[in-house]
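Below is one structure, written out as structure tokens; the observations come after it.
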Amino acid sequence: MAVRHILCTQCDLPLDVDETAKSVNCRHCNTRVITEAMVVAEYVAVRRFATANRMRITKKGIVYAAVRADALEVEGVLQGDVVSLSSIRIAKSAQVKGSLRGASLSLEPGATFVGDVAIGPEQVPRAEPTVDGALAREAAAREAAGR
Ligand SMILES: [Zn+2]
């Protein structure tokens, strides 16, 4: 089986998952983490909408949620705060309202975007942290959890 290194979408700690897995239970925080690529072509209204993989919101997609993905493409409507570990692409047909955090951003002419942006490699958790970094974060998470 091929293994993919991801970060838990809830606690940001590193996980190794089978490339074909659709979801996995985080061994750090015990949250169910979606690990499959998502194509959203419908109306979605939830508090938090997350995958440790790519997410594409098509022209038919209307999403009201805080979104977290490894890479995000928006062609439809998105209202909510976004964290993407790598790129955020806002296509010319998109209407986006909310704050964006990502390693990089591309905004096509014609797109509507209203909100704050924080873009750069240092703005997001690293997808492949160093062992030291991962250990430090695990220690910090344990401390935060009071263990
Ligand atoms: Zn976790």
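Some observations on this one:
- Cross-link reach is defined here as a Cα-Cα straight distance under 19 Å, omitting same-chain residues fewer than 8 places apart; for Lys97 the lysines meeting it are Lys59, Lys60.
- Lys, Arg +1 and Asp, Glu -1 on Cβ, resulting dipole of the chain about Cα centre, debye, nearest 20: 420 debye
- Among 59-72, 92-105, 27-40, the order from most to least packed when residues are scored by Cβ within 10 Å on average: 59-72, 92-105, 27-40
- Taking each DSSP H run with n ≥ 4 as -39500 (n - 2.57) and averaging over every residue of the chain yields -3000 deg cm²/dmol at 222 nm.
- Between Ala141 and Asp16, the contour length at 0.36 nm per residue exceeds the Cα-Cα span by 43.2 nm.
- Taking Cα atoms only, the orientation of helix 131-144 departs from the longest principal axis of the chain by about 90 degrees.
- Counted residue by residue at 0.36 nm each, then reduced by the alpha carbon distance between them, the extension gain from Val3 to Arg27 reaches 7.1 nm.
- Normalising the average separation of contacting C-alpha pairs (under 8 angstrom, six or more residues apart) by the number of residues puts the relative contact order of segment 37-124 at 20 percent.
- Rh by Kirkwood over Cα pairs, then Stokes-Einstein D for segment 37-124 at 1.306 mPa s and 10 °C, µm²/s: 130 µm²/s
- Scattering curve values for the chain, log₁₀ I(q)/I(0), Debye with Cα scatterers, q = 0.19 Å⁻¹: -1.13
- Projected label points at Ala118 and Lys92, each 7 Å from Cα along the beta carbon direction, are separated by 3.2 nanometres.
- Among Ala145, Met38, Ala71 the positive-end extreme of the charge dipole of the chain (Cβ point charges): Met38
Values in this text are rule-based calculations from the coordinates and carry no lab data. Only a predicted model underlies this, so the values are computations on that prediction, with no experimental measurement involved. Neighbour counts are summed over all protein chains in view; Cβ atoms, including those assigned to glycine, are modelled from backbone coordinates with ideal geometry.
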